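Chemist: Starting off with a structure, shown below.
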Amino acid sequence: MGEEFVVLSLAPMLIGVFAAVACAIPGNFLLLRRQALIGDAISHVVLPGIVVAFLVTGVVAAWPMMLGAGGASLVAVGLIEAIRRLGGIEPGAAMGVVFTAMFAGGVLLLEQSDTSSVHLDVEHALYGNLESLIWLDAQGWASLADIGALRGLPPELPRMALTLVLVTGLTWVFWRPLKLSTFDEAFARTVGLPVSLIGLGLVVVAAIAAVAAFDAVGSIIVIAMFICPPAAARMVTNGLEAQVAWSIGFAVLSAVLGYVLAGYGPLWLGFDDAVSAAGMIATVSGAILGLAAAFGPCRHRSGVSASAP
Amino acid sequence: MIWDALTLQLGYNATLVTIGAALLGMAAGATGTFLFLGKRALVSDAISHATLPGVALAFVVMVALGGDGRALPGLLVGSALSAAVGLLCVSALTNRTRLSEDAAIGAVLSVFFGFGIVLLTVIQSMNSGRQAGLESFLLGSTAGMLWQDAMVIASGGAIVLLLVAAFRRPMTMVAFDRVFAASLAMNVPRVELAMMGLALAITVVGLKVVGLILIVALLIIPAVAARFWTDRVGHVVISAGLIGAVSGYAGAAVSATAPALPTGPIIVLVAFALFILSLLTAPNRGVFAVVLRHRRFRARVHVRQGLLALAQGQPIYEGLTLRLMRRRGLIRADGVATELGRTQAGKALRDERRWQLLRSDPAYEEAAASYDGLTPLDDVLTPDQLGALDRELQPKGVF
């Protein structure tokens with residue numbers, strides 16, 4: 001754990017952890033509201049968003065792309081809602097129609113436009129490039145106190161940290177209304193809470209987390225982190241506070257363990273090349289979910305005994 | 001150029017792809033209908049993403065056995081196996097734990113896809129894997145399609161179509177009402193397994209053409225679009241098959257006209273265009289039809305109320321009512337009733353009086369149930385009944 005670790009692994013690992021936690025927190029509420037697949041839809045429509053942003057501005061820069069991605073996810077949420085209401089179609093199918101069509105549009109735009117000079121392709125959008133976010137200016141642990149070296153940190157790190165702070169802060173501030181409207185929407189409406197506004201706010205926060213995380217780590221982690229840690233936590237406990245805490249723990253564990261296994265696992269097994277960190281983080285979160293589903297103390301539906309199918 | 005493509009004049013390979021894609025689209029549309037009607041459309045998303053580890057593992061195994069890692073049948077078998085494992089995981093998570101199906105779908109698709117990406121990076125580091133081109137399975141690629149590949153796709157699509165035709169009755173019943181199906185001693189889990197198995201087969205067959213991210217679109221979009229045109233299951237299945245076939249055919253043909261038009265996305269966008277067309281213009285359920293029906297109904301209500309007001313000598317203030325009645329020539333610009341208006345107002349008032357009497361008489365209970373304030377009583381009663389009713393309306397003792 002020396003100098004090399006600080007240069008090569010510290011920043012990506014932190015970015016992975018921040019992204020995982022920022023997605024897992026809203027994921028808890030989406031899971032309980034049975035909107036878990038919103039994360040899936042958002043992460044697909046991010047692609048047309050960034051392509052359009054690139055075509056408009058002509059540069060691959062973080063902020064226009066995040067704006068484009070955020071805009072695209074709002075368009076997608078609006079379209080899903082419109083199709084659901086206008087056509088009387090169940091939400092799952094409406095979602096399936098919208099995100100596949102928008103993703104197809106994104107791929108087509110990407111193929112049509114000249115992006116050979118810039119780093120923008122579908123593979124990157126899917127599984128990001130966490131490994132490349134290294135901190136070249138670092139000389140070792142001492143660099144953490146060195147302003148000059150800190151300036152050389154990959155910009156994704158402060159951006160992701162800011163997103164995490166924002167997501168955590170909003171969740172903390174709106175904890176009670178969020179909890180009420182998630183568990184008993186009718187009651188929440190009775191006591192005068194703007195239920196649909198809270199629902200929309202949650203989706204927007206989820207979209208912010210997804211878009212920021214997507215920029216750094218690709219969309220596959222985003223979907224996995226929205227669902228797997230909260231789902232695993234759901235099988236461990238019955239309290240919402242405890243569930244959120246467990247899900248954060250699982251998210252951190254997935255990110256750290258996944259990154260380590262991807263970066264160092266193949267070396268231990270005698271291979272030369274590392275494997276995809278994003279994919280490995282998703283895999284680890286799946287393994288955690290599998291363990292929770294097999295052994296979690298609260299894995300059954302209440303009222304269903306262990307022997308029932 | 002596009003005309004050439006649509007009439008299959010662009011050469012052997014393009015023709016092959018176009019016909020294959022049309023068959024694939026037809027089979028996918030028909031199969032997807034049952035998923036959509038059973039409200040389980042997004043299960044196909046889990047299936048398709050779960051194919052990736054299978055593709056990668058099959059490649060590794062085939063290379064390890066000394067064969068060609070890119071042989072399509074082997075890759076398809078691998079993808080089918082891993083998609084089946086994914087499907088089992090979804091059903092295990094849904095049935096044995098407290099997770100809802102959508103969470104199970106999301107968990108399976110992200111984890112399997114992530115694991116598949118890990119395996120792809122492993123393959124990239126293998127010596128023989130550098131030119132594997134397995135990434136083409138993500139978005140589909142028809143560029144280097146061989147005759148054998150096309151045959152696999154076409155025959156796979158045809159077999160799935162036949163199976164859909166064979167199982168349509170049990171699948172319909174399970175999609176609509178599981179409990180009823182179970183009460184007829186039908187093996188519901190097995191029928192669902194068949195349904196999912198067919199979706200899985202389509203996914204696997206379509207991987208090469210459309211790619212695993214977009215194949216769900218072929219299962220979902222044609223079914224949703226077809227639902228607008230008809231209320232009968234058989235017709236929805238057939239229309240979905242047709243919409244799927246047109247999307248596949250047109251999409252593949254258009255994409256053959258230029259190099260930067262990838263097949264999968266074009267097929268999906270054609271399907272989406274057909275969906276939007278259905279959403280807007282379908283008779284009865286389409287948006288235009290609904291808006292038109294709403295406007296007609298509103299006009300009927302306003303005109304009826306306006307006529308009743310005229311008949312009773314009450315002034316009309318409401319703007320829409322005034323406009324509608326003027327346009328129909330029922331009142332003049334200054335609001336005074338025309339000849340036509342007076343006649344119709346009298347009719348409306350007589351109708352309303354008849355209805356009032358009818359509804360107060362228990363003998364007409366059945367007819368009274370159809371009262372909505374709009375239907376003329378002439379449409380409900382026979383002339384004889386009307387005559388009997390009118391006799392009661394006459395003021396007694398005048399004659």
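Chemist: Starting from the amide H of B:Ile331, placed 1.01 Å from N in the peptide plane, find each other amide H under 5 Å away whose residue is 5 or more places distant or on another chain.
Modeler: Amide H to amide H, under 5 Å and 5 or more residues apart or across chains, B:Ile331 pairs with B:Arg326, B:Thr338.
Chemist: Let me confirm one metric for peptide A:74-87, namely the mean number of other chain beta-carbon atoms within 10 Å of its residues' beta-carbons. Each step should come with its number before you reach the end.
Modeler: Numbers: counts 0, 0, 0, 0, 0, 0, 0, 0, 2, 4, 0, 0, 7, 13.
Averaged over the peptide's residues, the number is 2.
Chemist: Still on this model: Set the Förster radius R0 to 41 Å, insert the Cβ-Cβ distance between B:Leu320 and B:Gln356 as r into 1/(1 + (r/R0)^6), and round the FRET efficiency to 0.05.
Modeler: After rounding, the FRET efficiency stands at 0.95.
Chemist: Further question: Distance from the Cα centre of segment A:15-48 to that of segment B:283-318, in angstrom?
Modeler: Between the Cα centre of segment A:15-48 and that of segment B:283-318, the gap is 47 Å.
Chemist: Further question: Assign unit charges at the C-beta atoms only (+1 for Lys and Arg, -1 for Asp and Glu), then state the dipole size of the protein assembly as shown relative to its Cα centre in Debye, rounded to the nearest 20.
Modeler: Working: 45 positive and 43 negative charges, 545 e Å.
It comes to approximately 2620 debye.
Chemist: Compute the longest continuous run of chain A that contains no exposed trypsin sites (Lys or Arg not before Pro); treat a site as exposed when its DSSP state is not H, G, I, E or B and it has at most 14 other Cβ atoms within 10 Å.
Modeler: A:35-300
Chemist: How many times 2.2 N^0.38 Å is the alpha carbon radius of gyration of chain A?
Modeler: 1.04
Chemist: Enter the Cα centre distance for the pair segment B:328-368 and segment A:195-214, rounded to the nearest angstrom.
Modeler: 55 Å
Chemist: Another one. With each pseudo-label sitting 7 Å past Cα toward Cβ, what's the A:Trp172-A:Phe295 distance in nm, one decimal?
Modeler: Result: 3.3 nm between the two label points.
Chemist: Okay, next question. Suppose R0 equals 35 Å; then what is the FRET efficiency for B:His235 and B:Val290 from their Cβ-Cβ distance, rounded to the nearest 0.05?
Modeler: According to the calculation, E is roughly 0.95.
Chemist: Enter the mean number of other protein chain beta carbons within 10 Å of the beta carbon of each residue in A:42-49, as an integer.
Modeler: Counting other chains' Cβ atoms within 10 Å and averaging over A:42-49 gives 1.
Chemist: Could you name the aspartates and glutamates in cross-link range of B:Lys39, using Cα to Cα under 19 Å and dropping any fewer than eight places away on the same chain?
Modeler: Answer for B:Lys39, where 19 Å is the Cα cut-off: A:Asp40, A:Glu81, A:Glu90, B:Glu101, B:Asp102, B:Asp177, B:Glu192, B:Asp231, listed by chain and number.
Chemist: How large is ³J(HN,Hα), in whole Hz, for each residue of segment B:257-267 in order, when computed from phi with the Karplus curve 6.51 cos²θ - 1.76 cosθ + 1.60 and θ = phi - 60°, using x for Gly and Pro?
Modeler: Values per residue, Gly and Pro as x: 7, 8, x, 8, 10, x, 4, x, x, 5, 4 Hz.
Chemist: Shifting gears a bit: If we restrict to alpha carbons, what Rg and Dmax does segment A:1-129 come to, in Å?
Modeler: Computed over the Cα atoms of segment A:1-129, radius of gyration and Dmax are 17.1, 60 Å.
Chemist: Here's a follow-up. Can you pull the one-decimal nm distance between simple spin-label points at B:Gln385 and B:Asn13, each 7 Å off the Cα toward Cβ?
Modeler: Distance between label points: 7.3 nm.
Chemist: Then there is this: Name the residue from B:Ile215, A:Phe214, B:Leu57 whose Cα lies farthest towards the positive end of the charge dipole of the protein assembly as shown, charges +1 on Cβ of Lys and Arg and -1 on Cβ of Asp and Glu.
Modeler: It is B:Ile215, whose Cα lies furthest towards the positive end.
Chemist: In whole Å, what three semi-axes, largest first, describe the equivalent ellipsoid of chain B built from its Cα gyration tensor (square root of 5 times each eigenvalue)?
Modeler: Over the Cα atoms of chain B, the ellipsoid semi-axes are 62, 25, 17 Å.
Chemist: Averaged over B:279-287, how many beta carbons belonging to a partner chain fall within 10 Å of each residue's beta carbon?
Modeler: Mean number of neighbouring Cβ atoms from other chains: 2.
Chemist: Which of the listed residues, B:Gly32, B:Leu119, B:Ser48, is farthest toward the dipole's positive end in segment B:2-227, when Lys, Arg count +1 and Asp, Glu count -1 at the beta-carbon?
Modeler: B:Gly32
Chemist: Can you compute the FRET efficiency between B:Thr343 and B:Ser155 using 1/(1 + (r/R0)^6), with r the Cβ-Cβ distance and R0 = 51 Å? Round to the nearest 0.05.
Modeler: It comes to 0.15.
Chemist: Quick check: from the Cα gyration tensor, does segment B:55-175 come out rounded (a/c under 1.5), prolate or oblate? Don't skip to the end; give the middle numbers.
Modeler: Working: a/c = 2.60, a/b = 1.28, b/c = 2.03.
Verdict is oblate for segment B:55-175.
Chemist: Whole-Hz Karplus ³J(HN,Hα) for segment A:173-178, in order, using 6.51 cos²θ - 1.76 cosθ + 1.60 and θ = phi - 60°, x for Gly and Pro?
Modeler: Each residue's phi maps through the Karplus curve to give 5, 9, 4, 5, x, 4 Hz.
Chemist: Roughly what percent of Cα-Cα pairs across segment B:2-227 reach past 28 Å?
Modeler: Value for segment B:2-227: 32 percent of Cα pairs lie more than 28 Å apart.
Chemist: Now for a separate question. Run the reach check for A:Lys179 against aspartates and glutamates, Cα to Cα strictly under 15 Å, same-chain hits fewer than 8 apart removed. What comes back?
Modeler: A:Glu241
Chemist: For segment B:288-393, what is the largest minus smallest coordinate of the Cα atoms on each principal axis, given in angstrom and ordered from greatest to least?
Modeler: Each principal axis gives a Cα extent; for segment B:288-393 these are 43, 35, 20 Å.
Chemist: Once you have the alpha carbon radius of gyration of segment A:185-309, what is it after dividing by 2.2 N^0.38 Å, with N set to its residue count?
Modeler: In units of the 2.2 N^0.38 Å rule of thumb, it is 1.30.
Chemist: With each label point set 7 Å from Cα along the Cα-Cβ vector, what nm distance links B:Leu6 and B:Ser125?
Modeler: 5.1 nm
Chemist: Residue by residue through segment B:170-186, what is 3J(HN,Hα) from phi via Karplus (6.51 cos²θ - 1.76 cosθ + 1.60, θ = phi - 60°)? Round to whole Hz and write x for glycine and proline.
Modeler: After applying 6.51 cos²θ - 1.76 cosθ + 1.60, I find x, 5, 4, 5, 5, 4, 8, 8, 4, 5, 4, 4, 5, 5, 8, 6, 8 Hz.
Chemist: Mind putting together the pair-distance distribution for the protein assembly as shown? All Cα pairs, 10 Å bins, whole percent per bin, short to long.
Modeler: Over the protein assembly as shown, the share of Cα pairs per 10 Å bin runs 3, 13, 21, 22, 16, 10, 8, 4, 2, 1, 0, 0 percent.
Taken together, the values in this text are just the output of simple stated rules run on the coordinates, not laboratory data. Quick caveat: nothing in here was measured; it's all calculated off a predicted structure. Glycine gets a Cβ as well: all are built from the backbone with ideal geometry, and neighbour counts include every protein chain shown.
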